[in-house]
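Worksheet: one structure, shown below.
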Amino acid sequence: MPTTTVTRVTHSCALLNFDGRYVLTDPWFSEKPGYLRGEPLAHTPATLPPLAAVVASHDHYDHYDIDAFAAYPDKNVPFLVKRGMAGKARRAGFTAVTEIEPWEQISVRDLTITAAPAEHGVPEITFVLQGAGRTVFFGADTLRIPGLDEISERFPAIDLALLPINGLRIRPAFDRQVVMNAEEAGEFCAVLRPALAVPIHYAFTAGPLRDRFFLKYDGTPERFRQAVAKHAPGTRVHVLAPGEPLTVG
């Protein structure tokens, strides 16, 4: 029987294994001031298995750490990114880079990868990945926007949803929310109807000073679990530690 597993690397970086075909999401492998993982790192570029594809949702350092990911040895790996991001990957040596927009679809090594809508304050996409008889939605760090509802119409059987939950807000001048929070992610599960949901994007910290004066985020896995139980009781929630593999389905 074909098997699909997911392993969180850190933050929104996850390793999906569709029966031996690995896909890496939103690579982030290094840290710098203002960008701290707040949790372990399960892989480095050198310890990753051979990848069938890489997907990157948007050009923020903690989702598109291209300088660190340049250490990954296979520069011919198919690399799918939002329009406007290909130049950085190519300058890092990657040769098979494709820019993709919502509802465009690419077939890669027996996998089907579809871009979906997102909103984050910079151009962003999310992804639906299909392989080995399973369908996975990767939510990157999007806001909860109405455009996401079309995913359930196009893909009515989602086996796994990787959903951001920290509700990041930028303040003090704007106090602008840029990531869905735990309750919004739980409500979204009622629309998406995934069999399994794994929260992502919740351990990040900008450091004590930046957290105190410039950013706010309070989403937790437990709040997400409670929101899913309230709004989408048919969805199973699994809080996944970095490095812990989970079989889908």
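If you go through the range 222-245 one residue at a time, do you hit one that is in contact (Cβ under 8 Å) with a residue 12 or more places away in the chain, open to solvent by 20 Å² or more (accessible area, probe 1.4 Å), under 24 Å from residue 58 (Cα atoms) and assigned to a helix (DSSP H, G or I)?
No - not one qualifying residue is present in the range 222-245.
Return the total of residues in the range 51-77 being under 19 Å from residue 18 (Cα atoms) and either at pLDDT below 95 or within 17 Å of the chain's Cα centre (by Cα) (or both).
The total comes to 6.
Only one of (1) modelled with pLDDT of 95 or more; (2) in contact with a Ser or Thr (Cβ under 9 Å, 6 or more places away or on another chain); (3) not small (Gly, Ala, Ser) fails for residue 220. Which number is that?
(2)
Of the residues that make up the range 31-46, is at least one in a strand (DSSP E or B), without any contact (Cβ under 8 Å) to a residue 60 or more places away in the chain, among the hydroxyl-bearing types (Ser, Thr, Tyr) and open to solvent by 10 Å² or more (accessible area, probe 1.4 Å)?
Scanning the range 31-46 turns up no residue that is in a strand (DSSP E or B), without any contact (Cβ under 8 Å) to a residue 60 or more places away in the chain, among the hydroxyl-bearing types (Ser, Thr, Tyr) and open to solvent by 10 Å² or more (accessible area, probe 1.4 Å).
Considering each of 36, 48, 41, 80 in turn, give the residue that is within 21 Å of residue 124 (Cα to Cα) and modelled with pLDDT of 95 or more.
Going through 36, 48, 41, 80 in turn, just one is within 21 Å of residue 124 (Cα to Cα) and modelled with pLDDT of 95 or more: 80.
Quick check on my filter: what residues within the range 140-174 are over 21 Å from residue 128 (Cα atoms) and free of Cβ contacts under 8 Å to residues at least 40 places away in the same chain?
Residues satisfying the conditions are 173, 174.
Being over 22 Å from residue 60 (Cα atoms) and open to solvent by less than 40 Å² (accessible area, probe 1.4 Å) is the filter here, so list the residues in the range 83-109 that pass it.
If the condition is that a residue be over 22 Å from residue 60 (Cα atoms) and open to solvent by less than 40 Å² (accessible area, probe 1.4 Å), then 108 is the only one that fits.
Of the conditions (1) in a loop (DSSP other than H, G, I, E, B); (2) closer than 30 Å to residue 146 by Cβ, residue 114 clears all except one; give me its number.
Result: residue 114 passes all but (1).
Condition check ((1) closer than 21 Å to residue 242 by Cα; (2) free of Cβ contacts under 8 Å to residues at least 12 places away in the same chain; (3) touching a Leu at 6+ places or on another chain (Cβ under 8 Å)) across all residues:
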{"site": "123", "(1), (2), (3)": "no, no, no"}
{"site": "182", "(1), (2), (3)": "yes, no, no"}
{"site": "185", "(1), (2), (3)": "yes, no, yes"}
{"site": "191", "(1), (2), (3)": "no, no, yes"}
{"site": "199", "(1), (2), (3)": "yes, no, yes"}
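Condition first: part of a strand (DSSP E or B) and either farther than 12 Å from residue 150 by Cβ or among the charged types (D, E, K, R) (or both). Now tell me which residues in the range 126-136 satisfy that.
127, 129, 130, 131, 134, 135, 136 - these are the residues of the range 126-136 that are part of a strand (DSSP E or B) and either farther than 12 Å from residue 150 by Cβ or among the charged types (D, E, K, R) (or both).
Determine which member of the set 6, 77 is aliphatic (A, V, I, L, M) and either part of a strand (DSSP E or B) or surrounded by fewer than 19 Cβ atoms within 10 Å (Cβ to Cβ) (or both).
6 is the lone residue from the list that is aliphatic (A, V, I, L, M) and either part of a strand (DSSP E or B) or surrounded by fewer than 19 Cβ atoms within 10 Å (Cβ to Cβ) (or both).
Residue check, residue 123 against (1) under 21 Å from residue 61 (Cβ atoms); (2) assigned to a helix (DSSP H, G or I); (3) not aliphatic (A, V, I, L, M), all met but one. Which one?
Failing condition for residue 123: (2).
Give 112, 135, 126 a once-over and let me know the one that is polar (S, T, N, Q), open to solvent by less than 40 Å² (accessible area, probe 1.4 Å) and closer than 17 Å to residue 12 by Cα.
126
Give just the number: which of (1) out of contact with any strand residue (DSSP E or B) (no Cβ under 7 Å at 6 or more places or on another chain); (2) among the small types (Gly, Ala, Ser); (3) open to solvent by less than 20 Å² (accessible area, probe 1.4 Å) does residue 161 not satisfy?
(1)
The values are calculated or read from the model by the stated rules, or taken from the named source; none is laboratory data. Predicted model only: the values in this text are computed from it and were never measured. Ideal geometry is used to build each Cβ from the backbone, glycine not excepted, and the neighbour counts take in all protein chains shown. Ligands, DNA and RNA are excluded from the accessible area calculation, which covers all protein heavy atoms including side chains. Shrake-Rupley method; radii C 1.70, N 1.55, O 1.52, S 1.80 Å.
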